[in-house]
1. DSSP loop (so not H, G, I, E, B), at most 10 other Cβ within 10 Å: list which chymotrypsin sites (Phe, Trp or Tyr not before Pro) in the stretch 132-210 pass both filters.
2. Using the Karplus curve 6.51 cos²θ - 1.76 cosθ + 1.60 with θ = phi - 60°, what ³J(HN,Hα) values do you get for each residue of the stretch 361-371, in whole Hz, with x for Gly and Pro?
3. List the residues, sorted by chain then number, that are 5 or more residues from A448 or on another chain and whose placed amide H is less than 5 Å from its amide H.
4. The stretch 58-146: which trypsin sites (Lys or Arg not before Pro) are DSSP loop and have at most 10 other beta-carbon atoms within 10 angstrom?
5. With θ set to phi - 60°, apply the Karplus curve 6.51 cos²θ - 1.76 cosθ + 1.60 along the stretch 83-89 and write out the HN-Hα couplings as whole Hz, x wherever there is a Gly or Pro.
6. Measure off, as a whole percent, the carbon and sulfur share of the 1.4 Å-probe accessible area of the stretch 349-466, all protein chains present.
7. What figure in square angstrom, to the nearest 10, would you give for the accessible area of S296 with a 1.4 Å probe?
8. Could you derive backbone 3J(HN,Hα) for the stretch 54-64 from the dihedral phi with the Karplus parameters 6.51, -1.76 and 1.60 (θ = phi - 60°), listing whole Hz in sequence and x where the residue is Gly or Pro?
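The values are calculated or read from the model by the stated rules, or taken from the named source; none is laboratory data. From a predicted model like this one, the values you see are computed outputs, not experimental measurements. Methodologically, a virtual Cβ is constructed for each residue, glycine included, from the backbone with ideal geometry; neighbour enumeration extends over all protein chains shown. Heads up: the accessible areas ignore ligands, DNA and RNA and are worked out on the full protein's heavy atoms, side chains in. Shrake-Rupley method; radii C 1.70, N 1.55, O 1.52, S 1.80 Å.
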Amino acid sequence: MAASPGAPRAPAVEAPPPQPDARTLDRGSVSAGRDSRAGQLSFCTKVCYGIGGIPNQVASSATAFYLQLFLLDVAQIPAAQVSLVLFGGKVSGAAADPVAGFFINRSRRTGSGRLMPWVLGCTPFLTVAYFLLWFLPPFTSLRGLWYTGCYCLFQALATFFQVPYAALTMLLTPCPRERDSATAYRMTMEMAGTLMGAAVHGLIVSGAHGPHRCEDVALARPAVVSPDATRLYSIAAAVLALTYPVCTGLLCLGVKERPDSSGPASGQGLSFLAGLGLTVRHRPYLKLVISFLFISAAIQVEQSYLVLFCTHASRLHDHVQGVVLTILVSAVLSTPLWEWVLQRFGKKTSAFGICVMVPFAILLAAVPTAPVAYVVAFVSGLSIAVSLLLPWSMLPDVVDAFQQQQQPGPGLETIFYSSYVFFTKLSGAGALGISTLSLEFAGYEAGACTQTERVVVTLKVLIGAVPTCMIITGLCILMVGPAPKVPSQDPSRRQSLQRRTSYSLA
């Protein structure tokens with residue numbers, strides 16, 4: 001029966017949305033399971049990805065411990081020019097960080113991916129640059145300029161290699177758990193590379209710096225460069241340089257870069273300088289950076305001058321290799337322990353582990369004997385491990401606190417991390433440059449069999465008093481004020497931030 005025109009109409013009842021039947025749900029669950037399985041990385045892929053991080057760690061470990069000794073005693077460059085070589089190389093690596101990020105983020109995808117071509121393209125040039133860094137040219141007057149150019153080129157190329165390699169983690173798989181697993185493989189391989197670089201290089205060149213080279217020299221005058229020393233350093237350079245093509249080849253064969261759905265980041269996010277202006281105004285980040293500028297510079301000074309101290313300020317020529325390996329093995333093996341300490345006792349408490357090496361370094365300067373040297377090396381490895389872990393553990397807290405205060409846009413986390421690396425490289429450049437210049441003022445004679453008492457005292461100060469003052473200053477800055485606290489932590493976001501970190505012992 002039709003309703004009268006004046007009668008109120010009943011509200012229309014919408015039909016409920018159709019519910020998916022069991023078969024639809026089954027197909028969805030099967031599809032989700034297939035996607036999950038597709039995101040899993042094979043053991044071979046993870047190992048090959050980790051192998052890609054070995055070459056840079058091999059090279060950086062060898063240069064951290066032995067480059068300064070090579071430049072002073074084999075290339076026989078004046079200490080003032082060695083200071084310029086080390087400073088220029090570190091600055092070149094620091095400046096290359098934002099430049100590499102700028103160009104790589106704006107590169108287009110090719111048949112082999114967007115990041116892999118950068119890794120492959122840098123490999124042959126890195127191989128040649130690393131070999132030339134240890135090659136003794138026939139001319140003598142321009143050796144300082146030669147090694148400055150080679151070291152700057154090597155540091156810049158190593159940065160252009162490392163930045164896309166580290167970013168490759170995000171394009172391996174969409175699964176965060178698998179990314180974290182791949183990062184763990186990478187860190188393990190990088191630690192192995194650090195040990196391999198110092199061990200292989202040290203074993204090959206161990207015969208070039210023994211006391212026997214001065215047995216026939218009666219006066220403390222510059223000695224003629226031994227052909228054996230030149231040959232040994234060239235062999236060591238060739239062996240370690242080969243790790244670049246070998247490891248990169250395995251990386252290319254075993255790892256397939258996934259398409260990046262976001263595409264190049266051109267025109268998106270903040271520029272490096274604009275983001276840097278925001279980050280340096282964030283007080284917790286500024287405090288963290290300044291404190292670790294001192295701490296990381298102290299560690300680099302300790303590493304660089306320990307070999308020189310054992311060679312010229314004590315009778316420990318035969319123990320140089322053992323001392324270096326003790327430091328690295330101690331640092332690698334203690335890393336899991338420090339990770340547990342960080343979680344169990346907190347980050348500020350763990351920071352005091354950095355100053356454990358202070359009294360022992362002073363003890364080595366006062367009592368330079370073999371047993372003391374090995375004890376100092378073991379304790380120094382413990383301090384180095386926590387000094388590398390701590391900043392990468394505190395940075396996510398600082399970034400999360402900043403993100404809660406502001407919403408600046410995408411890409412700022414990368415600027416936090418890249419600017420931290422930029423500043424620490426600059427601090428290392430300044431510390432190594434100034435400290436090497438102090439050897440020139442003390443009267444260091446390049447290639448001399450024995451050094452004056454002033455040089456010996458300077459080396460003792462450089463491995464004892466200088467790192468002590470810098471570590472104490474850095475810890476005092478770090479301990480001022482409360483640690484950044486984030487009320488609500490997003491676990492997936494924290495994992496994303498931590499996947500950007502990288503530990504390096506050199």
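1. Numbers: sites: W134, F135, F139, W146, Y147, Y151, F154, F160, F161, Y165, Y185; in loops: W134, F135, F139.
Of the chymotrypsin sites (Phe, Trp or Tyr not before Pro), the ones in loops of the stretch 132-210 whose Cβ has at most 10 other Cβ atoms within 10 Å are F139.
2. Computed from phi, the couplings for the stretch 361-371 are 5, 5, 5, 5, 5, 7, 10, x, 10, 4, x Hz.
3. Amide H neighbours of A448, under 5 Å, 5+ apart: A223.
4. Here the sparse-neighbourhood loop sites are R108.
5. Once θ is set to phi - 60°, the couplings for the stretch 83-89 become 4, 5, 4, 5, 5, x, x Hz.
6. Details: 3000 of 4160 Å².
The value for the stretch 349-466 is 72 percent carbon and sulfur by accessible area.
7. S296 exposes around 30 Å² with every protein chain in place.
8. 3J(HN,Hα) across the stretch 54-64, in whole Hz: 5, x, 4, 6, 4, 5, 5, 5, 5, 5, 4.
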